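*Asks:* Mind looking over this structure? Questions follow.
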Amino acid sequence: MTWFRGLACVVFPAVVMLACTGVGTASAQTAQTAANGCVACHASLSDARLSAPPAALQGDVHQTHGFSCVDCHGGDASAAEKVAAHSAAKGYRGKPAGKDVITVCARCHSDAELMHKFAPRQRVDQAAEYATSVHGKRLASGDTQVATCISCHGAHGVRLVNDAKSPAFPTNVAATCGGCHASAEHMKGYTLPDGKPLPTSQLADYQRSVHHAALTKNNDLSAPTCNDCHGNHGAAPPGVSSLTTVCGTCHTVFATKFATSVHAQIFERACIECHSNHAVLQPSDEMLGTSSQTVCASCHSDKDDPGYVASAKMRASIDRFKHGIDSSANLIGRVKNAGMEVGDDELALNEARTRLVLARTEMHAFDPGSLDGVVGEGMKILAGVDQAGNRSLAELAYRRRGLFVSLAAILLVVIALVFKIKGLEAKS
Amino acid sequence: MALTSRIVEWLDERLNLSDVRHFIQEKGVPIHAQKLWYYLGGVTLFLFMVQVASGILLLLYYRPSSAEAYESVQFIVTQVEFGWLIRNIHSWSANLLILAAFAHMFSVFFLKAYRKPRELTWVSGVFLLFLMLGFGFSGYLLPWNELSFFATKVGTSITGAVPVIGPPLVRFLRGGDDVTGATLSRFYALHVAILPATATILLGLHLLFVQRQGMSVPIKTLRALKPGERLKEMPFFPDYILRDVLVWYIAIATLAALAAFYPWELGRKADAFAAVPAGIRPEWYFLAMFHTLKLLPSHIMGLEGEMLGVLAFGLAAAVLVIVPFLDRRASRGEPSPALTVLGVLALIYMIAFTIIGYMAA
């Protein structure tokens, strides 16, 4: 899916670059007149398929840089007659389709020298990468249903991929891919390597995932969407052997811990075994342990099974730590509400919470011993927090006792003063 | 006693204290129904002395830089023996001081105690109130916590609405374009040197005026006297002083209870890059003004609303200073109900807008 994004990167800057090269300059020059001829004629056509493209060009990145119809479609925009304008002698190629789309786009987007003038950091290997993708391979074998550049980036009204309106913008990628992959009709006939029909539930599954929530609800554009795991121009399903690598691209520490675990040798689908692929839900401590709702229990249901014992130990360890944090936070909250200064204790509590995150990470090594080490360090921090909290409570009680003693002394002085004043009044 | 007498005698021989002694022995305080209001000045003075004493103690540990201010206050309240008590008393006393000063001012206003010949006492008192507000504003920033940082940003920016001198005044107050460590240094200098020095001089003058002229008697009480009748008096020393001390004891008990049960929160350290926290508001005594400025439309008759608001408050302050010279009826010993009504309206406005501002924040 990300390859769509890449293709967009190819198409737009290529066109942009054309404007600056010799070819580009010539094209740009012809564009002024060419556009007028094409647009003037097509705008007056009653067939919407033919009259819509000129209007769609508004805001198109290629058009913005001076490119026009003839740069992709060929022909002569200055000709007054349709026949002359669509003359093959003038290079008219009509509406590119299938492999031709790749060729037309790659003309510029695979030209490093040309692209350098428009977008020096722009990659120029998208077409080559596309050829290695499932889409590219199927296209080469004659399947014209597969996605090409325009499937993901659009044909007219192409926008830069960092434009939120682009179909290849991170928040739009899933819907773009889903346009084909969520359509049972479109995907009919496509199968998995084992011969089963290719599912069309990926989009719906992804939309339930924690990744989708991070991307769309938290506006975290670094959260993964289709292309981040499958690639974009070279889109293909990640192989079973590279699943840990794919997830580990972001979840580095988890992948490192998992690699040391006994499961690394056993799990056929690595991370996916427990977390699923498209429907990666919010992980929780409830996934760990021995009850029937846990992930562990699906394999380790026998009480004598070492995995059963280990998962029980790890869950107990994490629960103990969590309860410790809650209890310490409660204590510090009470002290804070009483107006005592707890800045250092709150910092220590945050440190303990960080240790909980580390403990959950460490759990992916599936070694109760190493988990206990991390939890133990966290519990030491909590012990310090509790000690400080209890000291503050004792200090508070001391202050209040001191206050009552002081108030009693002040009251005595006040009573004495009242008597003295009464005495003076009586005298006068 | 013998020792005390010998010391007094020794001093008397050298300094000739007989005049002072005579003044104290002869000084009387009028007794009337409103005499309770006259203790407010003494309470204000007492709280000012508490501020000076607790402030000096805080100075022993406070470090006035953006890098250390917060930590030093944190150190005072957590590590220094009874530091928490000193800091809490300083914070609470500051608020009670301003409350007492306002109450004192309004009592003097409603009893028309500013009338001739006490105009200068009133003027010095009003300037002292302004100084107390200045103490509050400058002291609020010193702990360098999030709330005070952003409140000072808002507070100083309001100064910018003053025509012509506003923008340079803001830069002068802040020591730059924004609230930074330079602002903290300035506010510190203002809080512990400039304002105390000015306040000491003004307070000395204010007390001198009070002692020279004695306590005022309400017009109503004077008019109720029969011809030839004299108002009863009590000796200033020890009768009145003992009553003052009694009130001071009650004040110190209140302060201690507030410090022990409602310690002043320190909050988080100021971070210029952090998002503005919710509920930013100035201290309660600026809340009425702050909320009024917030409610003003952006433009009134083509002029900036905030600028007009600031000018109006400046005008109100100026009118407050010259009240004794405006109230000609009171200076002739006649009631002046129009000014009383104005004062009541001002008081209602201040209380109402403070409450509304507090709830809105």
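The values are calculated or read from the model by the stated rules, or taken from the named source; none is laboratory data. Note that the structure is predicted; figures quoted are calculated from it, not measured. Because the Cβ atoms are built from the backbone with ideal geometry, glycine has one as well, and the counts that use them run over all protein chains shown. Side chains are part of the model used for accessible areas, which takes the heavy atoms of the whole protein and leaves out ligands, DNA and RNA. Shrake-Rupley method; radii C 1.70, N 1.55, O 1.52, S 1.80 Å.
*Asks:* Within the stretch B:175-191, count every residue that is under 23 Å from the mean Cα position of the chain (by Cα) and of a type outside the set (Val, Ile, Thr).
*Replies:* Step one: filter the stretch B:175-191 for residues under 23 Å from the mean Cα position of the chain (by Cα), giving B:183-191.
Now narrow it down to the ones that are of a type outside the set (Val, Ile, Thr): B:184-191.
Of the residues in the stretch B:175-191, 8 are under 23 Å from the mean Cα position of the chain (by Cα) and of a type outside the set (Val, Ile, Thr).
*Asks:* Those residues that are more than 26 Å from A:Thr148 (Cβ to Cβ), open to solvent by less than 50 Å² (accessible area, probe 1.4 Å) and touching a Leu at 6+ places or on another chain (Cβ under 8 Å), I need them from the stretch A:199-238; list them, please.
*Replies:* A:Ser209, A:Val210, A:Ala223
*Asks:* On to the next question. Might you let me know whether the stretch B:210-223 holds any residue that is more than 10 Å from chain A (Cβ to nearest Cβ), within 30 Å of B:Asn145 (Cα to Cα), assigned to a helix (DSSP H, G or I) and without any contact (Cβ under 8 Å) to a residue 12 or more places away in the chain?
*Replies:* If we filter the stretch B:210-223 for residues that are more than 10 Å from chain A (Cβ to nearest Cβ), which is where we start, we get B:210-223.
Filter again for within 30 Å of B:Asn145 (Cα to Cα), leaving none.
The answer is no, given that none of the residues of the stretch B:210-223 is more than 10 Å from chain A (Cβ to nearest Cβ), within 30 Å of B:Asn145 (Cα to Cα), assigned to a helix (DSSP H, G or I) and without any contact (Cβ under 8 Å) to a residue 12 or more places away in the chain.
*Asks:* For the stretch A:243-282, how many residues are without any contact (Cβ under 8 Å) to a residue 40 or more places away in the chain, open to solvent by 40 Å² or more (accessible area, probe 1.4 Å) and hydroxyl-bearing (Ser, Thr, Tyr)?
*Replies:* 4
*Asks:* Yes or no: the stretch B:275-284 includes at least one residue that is away from chain A (no Cβ under 14 Å), touching a Pro at 6+ places or on another chain (Cβ under 9 Å) and surrounded by 18 or more Cβ atoms within 10 Å (Cβ to Cβ). I'd like the intermediate steps shown before the answer.
*Replies:* Our first condition is that a residue be away from chain A (no Cβ under 14 Å); within the stretch B:275-284, this holds for B:275-284.
Narrowing the set further to residues that are touching a Pro at 6+ places or on another chain (Cβ under 9 Å) leaves none.
Scanning the stretch B:275-284, I find no residue that is away from chain A (no Cβ under 14 Å), touching a Pro at 6+ places or on another chain (Cβ under 9 Å) and surrounded by 18 or more Cβ atoms within 10 Å (Cβ to Cβ), so the answer is no.
*Asks:* Now for a separate question. Do the conditions hold for A:Ala329, that is, is it within 24 Å of A:Gly378 (Cα to Cα) and in a helix (DSSP H, G or I)?
*Replies:* Yes.
*Asks:* At least 1 residues that are open to solvent by 20 Å² or more (accessible area, probe 1.4 Å), without any contact (Cβ under 8 Å) to a residue 40 or more places away in the chain and within 14 Å of chain A (Cβ to nearest Cβ) in each: list the helices (runs of 4 or more DSSP H) lying fully within the stretch B:40-127 that qualify. Before you say what the answer is, go through the steps one by one.
*Replies:* Details: elements: B:40-59, B:69-78, B:83-110.
Of the helices (runs of 4 or more DSSP H) lying wholly inside the stretch B:40-127, those with at least 1 residues that are open to solvent by 20 Å² or more (accessible area, probe 1.4 Å), without any contact (Cβ under 8 Å) to a residue 40 or more places away in the chain and within 14 Å of chain A (Cβ to nearest Cβ) span B:69-78, B:83-110.
*Asks:* Right, another one. Considering only the stretch B:144-154, state which residues are open to solvent by 20 Å² or more (accessible area, probe 1.4 Å) and closer than 16 Å to B:Lys294 by Cβ.
*Replies:* Once the filter is applied, which keeps residues that are open to solvent by 20 Å² or more (accessible area, probe 1.4 Å) and closer than 16 Å to B:Lys294 by Cβ, the stretch B:144-154 yields B:Lys153, B:Val154.
*Asks:* For the stretch A:167-186, check the following and say yes or no: at least one residue is farther than 20 Å from A:Asn277 by Cα, in a loop (DSSP other than H, G, I, E, B), open to solvent by 70 Å² or more (accessible area, probe 1.4 Å) and outside the structural domain of A:Val39 (by TED's automatic domain parsing).
*Replies:* No - not one qualifying residue is present in the stretch A:167-186.
*Asks:* For the stretch B:224-258, what are the residues that are more than 8 Å from chain A (Cβ to nearest Cβ) and part of a helix (DSSP H, G or I)? Before the answer, list the steps.
*Replies:* Kept after step one, since they are more than 8 Å from chain A (Cβ to nearest Cβ), are these residues of the stretch B:224-258: B:224-233, B:236-237, B:240-241, B:244, B:247-248, B:251, B:254-255, B:258.
B:Ala224, B:Phe236, B:Phe237, B:Tyr240, B:Ile241, B:Asp244, B:Val247, B:Trp248, B:Ala251, B:Thr254, B:Leu255, B:Leu258, listed by residue number.
*Asks:* Follow-up. State which residue pairs qualify: first residue closer than 16 Å to A:His263 by Cα and inside the stretch A:297-310, second residue of a type in the set (D, E, K, R) and open to solvent by 100 Å² or more (accessible area, probe 1.4 Å) in any location, beta carbons under 8 Å apart, and separation of 6 or more residues or different chains.
*Replies:* Close Cβ pairs satisfying both conditions: A:Val309/A:Lys303.
*Asks:* Pairs only if they're at least six apart or on different chains, beta carbon under 6 angstrom, first in the stretch A:116-139 and assigned by TED's automatic domain parsing to the domain that holds A:Cys177 and closer than 16 Å to A:Leu160 by Cα, second open to solvent by 40 Å² or more (accessible area, probe 1.4 Å) and not in a helix (DSSP H, G or I); list them, first residue then second.
*Replies:* Hits for this filter: A:Val124/A:Ser110.
*Asks:* Looking at A:Gly339, is it over 17 Å from A:Ser261 (Cβ atoms), without any contact (Cβ under 8 Å) to a residue 40 or more places away in the chain and either open to solvent by less than 30 Å² (accessible area, probe 1.4 Å) or within 14 Å of another protein chain (Cβ to nearest Cβ) (or both)? Let's see the steps before the verdict.
*Replies:* Working: over 17 Å from A:Ser261 (Cβ atoms): yes; without any contact (Cβ under 8 Å) to a residue 40 or more places away in the chain: yes; either open to solvent by less than 30 Å² (accessible area, probe 1.4 Å) or within 14 Å of another protein chain (Cβ to nearest Cβ) (or both): yes.
Yes; evaluated as a whole, the condition is true for this residue.
*Asks:* Test B:Leu208 against the criterion of being under 30 Å from B:Tyr114 (Cα atoms) and at pLDDT below 90, and give yes or no.
*Replies:* Details: under 30 Å from B:Tyr114 (Cα atoms): yes; at pLDDT below 90: no.
No; evaluated as a whole, the condition is false for this residue.
*Asks:* To continue, here is another question. Hey, does the stretch B:186-198 have a residue that's open to solvent by less than 30 Å² (accessible area, probe 1.4 Å), more than 14 Å from chain A (Cβ to nearest Cβ) and among the aromatic types (Phe, Trp, Tyr)?
*Replies:* So far as the stretch B:186-198 goes, yes, one or more of its residues are open to solvent by less than 30 Å² (accessible area, probe 1.4 Å), more than 14 Å from chain A (Cβ to nearest Cβ) and among the aromatic types (Phe, Trp, Tyr).
*Asks:* Please work out if B:Pro227 is more than 30 Å from B:Ser72 (Cα to Cα) and open to solvent by 60 Å² or more (accessible area, probe 1.4 Å).
*Replies:* Working: more than 30 Å from B:Ser72 (Cα to Cα): yes; open to solvent by 60 Å² or more (accessible area, probe 1.4 Å): yes.
Here the answer is yes, as B:Pro227 does meet what is asked.
*Asks:* Going through the stretch A:144-166 one residue at a time, which ones are open to solvent by less than 20 Å² (accessible area, probe 1.4 Å), under 21 Å from A:Pro54 (Cβ atoms) and of a type in the set (Val, Ile, Thr)?
*Replies:* Hit for the stretch A:144-166 is A:Val158, nothing else.
*Asks:* Within the stretch A:313-333, track down each residue that is open to solvent by less than 40 Å² (accessible area, probe 1.4 Å) and among the aliphatic types (A, V, I, L, M).
*Replies:* Just the residues of the stretch A:313-333 that are open to solvent by less than 40 Å² (accessible area, probe 1.4 Å), to begin with: A:314, A:317-319, A:321, A:324-325, A:328-329, A:331-333.
Hits for the stretch A:313-333 are A:Met314, A:Ile318, A:Ile325, A:Ala329, A:Leu331, A:Ile332.
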